[in-house]
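Only the coordinates and a few stated rules stand behind these numbers; no lab work does. In this text the structure is predicted, and so the values were computed from the model without any measurement. Here the Cβ positions follow ideal geometry from the backbone for every residue, glycine too, while neighbour counts run over all protein chains shown.
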Amino acid sequence: MHLEYTVVEGDFVNAGSASSSIKKTLKQLSVNPSIVKRVVVALYEAEVNAIAHAYGGVVTADIDAGKILIRVIDKGPGIPDIDWAMQEGHSTASPEVRNMGFGAGMGLPNIKKNVDRLNVQSTVGVGTTVEMEVNLS
Amino acid sequence: MKLSEIAKVLNAKVVCGQDRLDEEQDKVFASDLMSDILTLGDNFPMIVTGLCTMQTIRTAEMGNLDIIVFVRKKKPTEEMIELAEEECMVLMECDYSMFKACGLLWEAGLKPIY
């Protein structure tokens with residue numbers, strides 16, 4: 001099953017709608033609730049990142065019997081130092097993002113904690129792709 | 001403790017989920033930081049927060065958390081209440097500060113998750 005969603009820069013009202021939709025799909029597929037929670041927590045953090053830090057992008061999810069593979073592909077500006085961004089407490093969030101309850105530098109570490117495989121590729125000026133895989137059984 | 005008793009302790013107005021007030025809840029987590037709320041794993045406490053935005057409801061939805069108390073006189077919007085109703089959540093409005101609300105809940109016997 002292939003699912004695809006568009007995320008729009010700065011659209012905090014709809015932030016989480018892709019995560020919400022994928023959550024409902026996984027529940028319909030009777031995936032273990034603890035696994036569903038791990039998937040949606042990681043995806044939601046990544047979705048908010050694309051809205052808060054990037055110029056929007058796309059979320060795709062590919063689900064088969066054994067795993068879910070999610071890609072959050074944004075249109076930039078890119079992360080100059082991924083190792084720095086992966087550390088707890090490191091953030092470049094704007095005051096607006098902090099006012100929404102995010103931007104404490106816990107997003108990427110929280111994603112890492114919840115997925116079985118994580119790959120972050122970023123090119124400054126081009127964009128970032130966050131690829132997350134979670135085993136469903 | 002029953003949710004109806006929690007509402008009484010906090011002098012809170014229940015704005016959504018009135019049909020669940022006979023349910024029990026014994027754990028509380030308080031934060032204004034949504035990423036904190038997303039680290040709770042398989043714990044499902046009641047959330048006490050002063051952050052009153054759509055993202056509060058979305059974050060609770062992602063974390064399977066369905067009881068939220070808004071402190072500091074924060075009032076959820078119609079849009080937030082609508083989404084909360086879709087998710088069968090209980091929302092309460094409390095005029096007290098975060099510190100006072102948590103103090104009263106502690107005194108009433110509610111527990112932290114860690």
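A few comments on the model shown:
- Magnitude of the charge dipole, chain A, Cβ model with Lys/Arg +1 and Asp/Glu -1, debye to 20: 480 debye
- Charge tally in the Cβ shell below 14 Å around residue A:30, where Lys, Arg are +1 and Asp, Glu are -1, residue A:30 excluded: +3
- Dipole in debye (nearest 20) - segment A:49-108, about Cα centre, beta carbon charges: Lys, Arg +1; Asp, Glu -1: 140 debye
- Cα gyration tensor, segment B:3-112 - rounded (a/c under 1.5), prolate or oblate: rounded
- Leading residue at positive end of dipole, the protein assembly as shown (Cβ point charges), from B:76, B:104, A:132: B:104
- Relative to its residue count, segment A:1-99 spans a Cα convex hull of 112 Å³ per residue.
- Reach of residue A:37 by Cα under 13 Å, taken over aspartates and glutamates that are not fewer than 8 positions away in the same chain: A:45, B:42, B:61
- Separation of the alpha carbons by more than 27 angstrom is noted, of A:113/B:100; A:27/B:13; A:23/B:100; A:24/B:2; A:27/A:113, for A:113/B:100; A:27/B:13; A:23/B:100; A:24/B:2.
- Rounded tilt (10° steps) of A:17-28 against the dominant C-alpha axis of chain A: 20 degrees
- Dipole of segment A:2-135, positive direction: furthest Cα of A:43, A:108, A:122, with charges on the beta-carbon: A:43
- Taking label points 7 Å from Cα along the Cα-to-Cβ direction, residue B:113 and residue A:28 give a separation of 2.8 nm.
- Cα pair distances exceeding 27 angstrom across the protein assembly as shown, given as percent: 36 percent
- The charge dipole of chain B, taken about its Cα centre with unit charges on the Cβ atoms of Lys, Arg (+1), Asp and Glu (-1) only, comes to about 580 debye.
- Cα-based reach from residue A:67 at 14 Å (exclusive), listing aspartates and glutamates while leaving out same-chain residues under 8 positions away: A:116, A:131, A:133
- Estimated 222 nm signal from helices in chain B, with DSSP H stretches of n ≥ 4 weighted -39500 (n - 2.57), rounded to 500: -9000 deg cm²/dmol
- Between residue B:85 and residue A:58, the FRET efficiency estimated from the beta carbon spacing at R0 = 30 angstrom works out to 0.50.
- Estimated from helical segments only, the mean residue ellipticity of chain A at 222 nm is -10500 deg cm²/dmol, where each DSSP H run of four or more residues counts as -39500 (n - 2.57).
- Net +/- balance of residues flanking residue B:3 in space, Cβ distance below 12 Å, scoring K and R +1, D and E -1: -4
- Per residue of peptide A:99-112, the mean number of Cβ atoms on other chains within 10 Å of the residue Cβ is 4.
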